[in-house]
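Student: Following this message is one structure expressed as structure tokens.
The values are calculated or read from the model by the stated rules, or taken from the named source; none is laboratory data. Here the structure is a predicted model, which is why all the values come from computation and not from measurement. For neighbour counting, all protein chains shown are included, and Cβ atoms are generated from backbone atoms with ideal geometry for every residue, glycine included.
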Amino acid sequence: MPKLTFLGHSAFLVEGEKGRIIIDPFLTGNPLAKSKPEDIRVDYVLITHGHGDHIGDGVQIAKANNATIVAPFELANYCANQGANVHPMHIGGAHEFPFGRVKLTIAHHGSAAPDGTYTGNPCGFLVTMDGKTLYHPGDTGLFYDMKLIGEMNKIDVAVLPIGDNFTMGIEDAVKAAELLQAKKVIPMHYKTFDIIDVEPQKFVDAAKAKGLNAEILPIGETLEF
């Protein structure tokens with residue numbers, strides 16, 4: 001049974017029988033993060049888009065662990081130019097890795113590295129490990145194809161941005177949870193900065209009012225799914 005650990009903002013550690021991955025490892029400069037890049041031991045680093053609060057420490061972690069970065073083609077090339085091992089992918093594509101399967105979904109957002117380099121389209125990830133599927137949509141607004149994603153995939157856990165301003169707010173995230181019909185939904189991308197300082201309990205309460213299974217995963221804590 002895979003384990004999911006929330007590292008703060010949109011960063012998650014996912015551990016399965018055949019490997020460990022980290023998604024959007026924004027640790028350095030994250031005021032809420034409890035982990036440091038040097039604490040991380042992984043085989044792969046998945047990055048949804050090039051913004052600094054998502055690419056974060058990805059290249060550093062990949063190099064330190066001799067790990068491979070999985071990202072959309074242009075972002076993967078950007079990381080490769082910094083000396084990281086990469087596996088480029090793109091929207092709609094899937095690949096079987098030693099730890100499990102990864103498929104890229106659309107995400108409605110932007111993507112440029114902190115130095116301004118264009119890093120292609122943003123994405124979301126469907127990650128299947130040990131027969132369980134996690135959906136990490138990255139930074140995104142609400143889109144109706146989430147219903148299709150939910151229909152085509154048995155999603156065990158979906159982590160959804162709720163912070164508003166840059167991504168979905170609480171109301172849209174609840175609608176996303178309705179469309180996806182995941183077994184469990186967990187909020188992310190909130191409180192890191194003043195402009196996204198929303199209360200996750202409001203999301204949980206609103207989701208439960210719709211009959212959905214939602215819970216807050218505190219930073220540093222782990223759940224099995």
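Student: Determine which single condition Tyr78 fails, assuming it passes every other condition in (1) farther than 17 Å from Pro161 by Cα; (2) hydroxyl-bearing (Ser, Thr, Tyr); (3) in a loop (DSSP other than H, G, I, E, B).
Tutor: So the condition that Tyr78 fails would be (3).
Student: Look at segment 52-72 and say how many of its residues are within 20 Å of Leu134 (Cβ to Cβ) and either at pLDDT below 95 or part of a loop (DSSP other than H, G, I, E, B) (or both).
Tutor: Final tally of qualifying residues: 2.
Student: Quick check on segment 79-98: of everything there that is free of Cβ contacts under 8 Å to residues at least 12 places away in the same chain and under 22 Å from Ala64 (Cα atoms), which residue is nearest to the chain's Cα centre (by Cα)?
Tutor: Ala80
Student: Based on this model, can you work out whether Gly220 counts as without any contact (Cβ under 8 Å) to a residue 12 or more places away in the chain and either surrounded by fewer than 20 Cβ atoms within 10 Å (Cβ to Cβ) or touching a strand residue (DSSP E or B) at 6+ places or on another chain (Cβ under 7 Å) (or both)?
Tutor: No; evaluated as a whole, the condition is false for this residue.
Student: Another question, then. In segment 99-121, what residues are within 19 Å of the chain's Cα centre (by Cα), surrounded by fewer than 21 Cβ atoms within 10 Å (Cβ to Cβ) and over 23 Å from Asp145 (Cα atoms)?
Tutor: Ala112, Ala113, Pro114
Student: Now a separate question. Among the candidates Leu179, Leu134, Leu142, Leu104, which residue alone is farther than 15 Å from His9 by Cα, in contact (Cβ under 8 Å) with a residue 12 or more places away in the chain and assigned to a helix (DSSP H, G or I)?
Tutor: Just a single option satisfies the conditions, and that option is Leu179.
Student: Within segment 4-51, which residues are in contact with a Lys or Arg (Cβ under 9 Å, 6 or more places away or on another chain) and in a strand (DSSP E or B)?
Tutor: Once the filter is applied, which keeps residues that are in contact with a Lys or Arg (Cβ under 9 Å, 6 or more places away or on another chain) and in a strand (DSSP E or B), segment 4-51 yields Leu7, Gly8, Leu13, Val14, Glu15, Gly16, Arg20, Tyr44.
Student: Do you know which residues across segment 169-209 are farther than 17 Å from Leu142 by Cα and out of contact with any strand residue (DSSP E or B) (no Cβ under 8 Å at 6 or more places or on another chain)?
Tutor: Result: Lys191, Phe193, Asp194, Ile195, Asp197, Val198, Glu199, Gln201, Lys202, Asp205, Ala209.
Student: Determine whether Val198 is assigned to a strand (DSSP E or B) and under 18 Å from Leu7 (Cα atoms).
Tutor: It is false that Val198 is assigned to a strand (DSSP E or B) and under 18 Å from Leu7 (Cα atoms).
Student: Being free of Cβ contacts under 8 Å to residues at least 40 places away in the same chain, over 20 Å from Val102 (Cα atoms) and surrounded by 24 or more Cβ atoms within 10 Å (Cβ to Cβ) is the filter here, so list the residues in segment 145-176 that pass it.
Tutor: Gly163, Met168, Ala173, Val174, Ala176
Student: Follow-up. Could you tell me which numbered condition His109 fails, if it satisfies all but one of (1) in contact (Cβ under 8 Å) with a residue 40 or more places away in the chain; (2) in a strand (DSSP E or B)?
Tutor: It is condition (2) that His109 fails.
Student: Looking for whichever is crowded, with 22+ Cβ neighbours inside 10 Å, out of contact with any Asp or Glu (no Cβ under 8 Å at 6 or more places or on another chain), without any contact (Cβ under 8 Å) to a residue 24 or more places away in the chain and aliphatic (A, V, I, L, M) here; the options are Ala71, Ala76. Which one fits?
Tutor: Ala76
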